[in-house]
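Where a number appears in this text, it was derived from the coordinates with a stated rule and is not lab data. Because the structure is a prediction, the values reported are computed rather than measured. Here the Cβ positions follow ideal geometry from the backbone for every residue, glycine too, while neighbour counts run over all protein chains shown.
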Amino acid sequence: MIPLHWFLIVAAALFCIGLYGVLSRRNAVGILMGIELMLNAVNVNLVAFWRYLDPLESLGQVFVLFVLAVAAAEAAVGLALIIAIYRNRDTIIVEDIDLMKW
Amino acid sequence: MAFLSDLLVNLWNWIAVQLDQFLPSWATALVMLFAAAVVIVVFLLLTVMFLTLLERKVVARIADRIGPNRVGPFGLLQPIADTLKLIIKENTEPAKADHPVFRLAPAVVATAALMPYAVIPFGRGMVGSDVNIGVLYVISISSLTVIAVLMAGWGGGNKYGVLGGMRAVAQMFSFEVPLALSIGSVALLTGSLSLVAITEAQRKLWLIVAQPIAFLVYLLCGAAEANRAPFDIPEAESELVAGYHVEYSGVRFAFFYMAEYINMFTTSAMATILFLGGWQGPFVERVPILSIAYFLAKVYGLVFLMIWVRATFPRLRIDQLLDLSWKVLLPLALMNLLVTAVVDKVAAQVRLSSTLTIGVFWGSNLVLVGVVALVLYLSYRRKRARGLNPHYQIHWH
Amino acid sequence: MVLQAVFMLFSAMAVGAALAVVTNKNIFHSALFLVVALLGVAGLYVLLEAPFIAVVQVLIYVGAISTLILFAIMLTRRLMDASERQRNEQWFISAIVAVGLFIVLVLSVGQVHWPVVHTDVPENHLNRLGQDLMEHYVLPFEVTAVLLLAALVGAIVIARERTR
């Protein structure tokens, strides 16, 4: 059987890669993709913990389903915002969207 | 006799036993899996080749023509000639294309088209892998097709391609929702998502008898998912040149063509399994080899129906198409799911006989269709009363 | 043994594609690599004997979210535009932070002794999951439904063009 640690390390790698994407991208869509990667890393952890620590209950999988639903909602609203900004400001580079900054 | 009756399955097992004698067990499993995949893929490729001929012949007959009749007897070798032609043709590639994406898209389309057959049962005991979420698997694979279509549309670097890709995706998205809901009522009645279990559950009665609306919704949505006429807007020649595969030629185009026909076959196969009892039929228990014949006969019946529809109906406009999905099919499928759940529970509570339950299903389905038709008619009349052209509803800016 | 190899394959697919997502200069290619990464994660779910989650992952992430992202990229970029600079000035610090966090996480994962249970997943697990969703967790389930509806309406309102 595959040790639990392996899954946790892969999830950690995914999370850190996503974090790097969020911090370093200028494109708003790129930032959103980083967030999706981070959410996925969390899901891998949840499923791995469910399988190895508590396979008789369904709590782990229920949690994953809720995370998926929230991710879908987040992506829909986030992309709608990006499109609205693009329409008004003609850019989706986050550094140029600085109306509220002083 | 027992051996003969289950010929194919027994032959398969016999080969596995023979291999097991001089191979380790995991290698046998691997070889057998690979062999099964090869058999299914070869079968599908041959099917597709002759589906193109069948389509041309049927459409020709409906249009009072003869159809292909030059190559071989009755034009039977026509598909081979067509395939050769496509292979020999040059693979053109636009200079401004996004090259890796452009080259990958046909492969992804073909892969996504072939993947559902891992779980589709062709006959009794003839299934690649009986997973307990088979239906969901098949639905989720179609989302790979969506990605591939976007890749193809974008990769060509052609604005007609991008437009066609976006339209295709809008269409596939819209029709996936009622499609999943119509499958939901099947899952509700059979209590399983495994395609094998769903087939087994229809031994006494095909589900189309209890779920005519779901069947209709499924078939319409399936045709739209497979981009079949009258829902072939993504590749409407007269509006978009050829939609998302406008820049493709030669073998790459052949891949799209093949995937389209395989998708049509998949839709028919899924409709057969979900509503027409899959491989069930008379004498299947005694002569299991009949099961594959029954299955293919039903699938080809549905394929013929789809070709017939294509030859008969004009193409829908994009707004009419989206209207159909969101304003007609979605409410219908949603209400059907609700009614199915309620009727099923109530019938189980009051111990209704199965004949009576089916009667109730029929009654509720008729009422549903009536209500939807009434709502549509009322909105049509209201629009006309306000002096609007009722056929234009969405305004695209 | 075979399981380990398959695990390696899927995790390499997920992590490699994820790296490509955050580093690729072409944002459209990034989105396609995101699809590959998500499929790799779905493979990991299958290895964890959660095929339902794997299929839902493909259905929602690949089918809906990735497609939405690809759509947004198509809508917000002029056709075949030359790639713009995609990294900001703080990318180097970000990389250090991410690598540092990864090292800390790996070290701490190695430190903890997890109380692993060696039981098989019950046969009727999927039925159990459905039942739990409808009984035990029905309130969060309904709240999620409301959230999705709100997101749907909100997205339409925000992204719709004003008609004069």
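Going by a ≥ b ≥ c, the root eigenvalues of the Cα gyration tensor, does region C:1-78 fall in the rounded group (a/c under 1.5), the prolate group (a/b larger than b/c) or the oblate group? It is oblate, given that a/c is not under 1.5 and a/b is not larger than b/c. Taking every residue in A:87-96 and counting other chain Cβ atoms within 10 Å of its Cβ, the average works out to 2.
If r is the Cβ-Cβ distance from B:Leu8 to B:Lys383 and R0 is 60 Å, what FRET efficiency results, to the nearest 0.05? After rounding to 0.05, the efficiency reads 0.55. With Cα atoms defining each centre, region B:318-382 and region B:130-153 are spaced 27 Å apart in the structure.
Axis of helix A:28-53 versus longest Cα principal axis of chain A: the two differ by about 10°, to the nearest ten degrees. Normalised by the number of residues in region A:45-102, the average gap of Cα pairs under 8 Å and 6 or more apart makes the relative contact order 18 percent. Among C:Val41, B:Val138, B:Val108, sorting on how many other beta-carbon atoms sit within 10 Å of each Cβ, with the fewest leading, yields B:Val108, B:Val138, C:Val41. Could you tell me the calculated FRET efficiency between B:Arg61 and B:Phe22, based on Cβ-Cβ distance and R0 = 60 angstrom, to the nearest 0.05? Efficiency for this residue pair is about 0.65. For chain B, what does the relative contact order come out to in percent, with C-alpha contacts under 8 Å and a separation of six or more? Computed value for chain B: 20 percent relative contact order.
Potential lengthening of the chain between B:Val71 and B:Arg103 amounts to 8.3 nm, from the contour at 0.36 nm per residue minus the alpha-carbon distance. In this rough spin-label picture, where each label sits 7 Å from Cα along the Cβ direction, the B:Leu376-B:Lys159 distance is 3.5 nm. Taking every DSSP helix (H) stretch of at least 4 residues in chain B, weighting each as -39,500 (n - 2.57) and dividing the sum by the residue count yields a mean residue ellipticity at 222 nm of -23500 deg cm²/dmol. Label-to-label distance for C:Leu107 and C:Glu49 is 3.5 nm, based on points extended 7 Å past Cα in the beta-carbon direction.
Here region C:32-73 is scanned for amide nitrogen atoms under 17 Å from the site 7 Å beyond the Cα of C:Val121 along Cα-to-Cβ, giving C:39-60. Among B:Thr83, B:Thr267, B:Thr199, sorting on how many other beta-carbon atoms sit within 10 Å of each Cβ, with the fewest leading, yields B:Thr83, B:Thr199, B:Thr267.
Listing A:Leu79, B:Leu302, B:Leu330 from fewest to most neighbouring C-beta atoms within 10 Å gives B:Leu330, B:Leu302, A:Leu79.
In this structure, the residue pairs whose Cα-Cα separation is over 19 Å, taken from A:Lys101/C:Lys25; B:Lys96/C:Lys25; B:Lys96/B:Lys159; B:Lys89/B:Lys159, are A:Lys101/C:Lys25; B:Lys89/B:Lys159.
Screening chain B for whole DSSP H helices of 30 Å or more along their axis (Cα) with average Kyte-Doolittle hydropathy at least 0.5 returns B:25-62, B:134-155, B:159-190, B:250-275, B:289-312, B:354-385. Within straight-line reach of B:Lys57, meaning a Cα separation under 21 Å, sit the following lysines at least 8 residues removed in sequence or on another chain: B:Lys85, B:Lys298. Placing a label point 7 Å from the Cα of B:Leu33 along the Cα-to-Cβ direction, the residues of region C:1-37 whose backbone N falls under 11 Å from that point are C:2-3, C:6. Peptide C:6-19 shows a mean partner chain C-beta count of 4 within 10 Å per residue C-beta.
Counting Cβ atoms of other protein chains within 10 Å of each Cβ in B:131-139 and taking the mean gives 4. For chain C, the mean residue ellipticity at 222 nm estimated from helices alone is -23000 deg cm²/dmol, where every DSSP H run of n ≥ 4 contributes -39500 (n - 2.57) and the total is divided by all residues, rounded to the nearest 500. Note on B:Ile87 and B:Val287: with the Förster distance fixed at 41 Å, the Cβ-Cβ geometry gives a FRET efficiency of about 0.55. For the pair region C:1-47 / region B:58-77, the C-alpha centres are spaced 48 Å from each other.
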